Amino acid sequence: MRGPGRFFNRRLEVWRPATVDDGYGGQTTTMVRQPGTVRAKVDQPSNADRMLAVQAQSKHDHTVFVLPRADVRRGDELRGVDRLGQAQVLKVLATVQPSTPIYSKAPCQLIQKEGA
């Protein structure tokens, strides 16, 4: 049996929040690119996923599937280019795996720039 990796048709950069001292006694948080990329499949959520998101007052509008060992965490941003060549930023709301970890599923929110 072949794994789901053959469906992962995109490469996405992982950006993770990092807190650094600002030199004035406070801290600032910036997004830092992690080494490498992750193979992924980006889908719009199913009707059942959408209903659960509405009930939980979540902003889930895309589902990203990655390999189970991919280092993707809640709060990360997945950045890449869509099929039309437009830059795309997806904020990871959570990560989950099925009982047999053949993939990880990350409900995400698409972040669009103003005017896009």
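The values are calculated or read from the model by the stated rules, or taken from the named source; none is laboratory data. For clarity, every value in this text was computed on a predicted model and none was experimentally measured. Reconstructed Cβ throughout: ideal geometry from the backbone, glycine too, with neighbour counts over all protein chains shown. Protein only, heavy atoms only, side chains kept; ligands, DNA and RNA dropped before computing areas. Shrake-Rupley method; radii C 1.70, N 1.55, O 1.52, S 1.80 Å.
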For this session: About the Cα centre of segment 6-60, how large is the charge dipole given +1 on each Lys and Arg Cβ and -1 on each Asp and Glu Cβ? Please answer in debye to the nearest 20.
Result: 440
Exercise. How large, in percent, is the carbon and sulfur part of the accessible surface of the chain at a probe radius of 1.4 Å?
Worked result: 50
Exercise. Once the mean 1/r over all distinct Cα pairs of segment 26-66 is inverted, what Kirkwood radius in angstroms do you read off?
Worked result: 12.9
Exercise. Let a ≥ b ≥ c be the square roots of the eigenvalues of the Cα gyration tensor of segment 1-58; is it rounded (a/c under 1.5), or, if not, prolate (a/b larger than b/c) or oblate?
Worked result: oblate
Exercise. Each residue of segment 28-33 in order: what ³J(HN,Hα) in whole Hz does its phi give by Karplus 6.51 cos²θ - 1.76 cosθ + 1.60, θ = phi - 60°, with x for Gly and Pro?
Worked result: 10, 10, 10, 8, 10, 5
Exercise. Hey, if you put +1 on the Cβ of every Lys and Arg and -1 on every Asp and Glu Cβ in the chain, which of M51, V32, Q97 ends up farthest toward the positive end of that dipole?
Worked result: Q97
Problem set entry | Estimated vicinal HN-Hα couplings, Hz - segment 63-73 in sequence order (Karplus 6.51, -1.76, 1.60; Gly, Pro = x) | 10, 10, 9, 9, 5, x, 8, 5, 8, 10, 10
Exercise. Per residue of the chain, what 222 nm ellipticity follows from adding -39500 (n - 2.57) for every DSSP H run with n ≥ 4, rounded to the nearest 500?
Worked result: -2000 deg cm²/dmol
Problem set entry | Per residue accessible area of the chain, 1.4 Å probe, in Å² | 71
For this session: Evaluate the charge dipole of the chain about its Cα centre and quote only its size in Debye, nearest 20, assuming +1 on the Cβ of each Lys and Arg and -1 on the Cβ of each Asp and Glu.
Result: 560
Problem set entry | Stokes-Einstein D in µm²/s, Kirkwood radius over Cα pairs - the chain at 37 °C with 0.692 mPa s viscosity | 214
Seminar exercise, completed: Protection proxy (average C-beta count within 10 Å per residue), highest first, orders 87-97, 25-35 as 87-97, 25-35
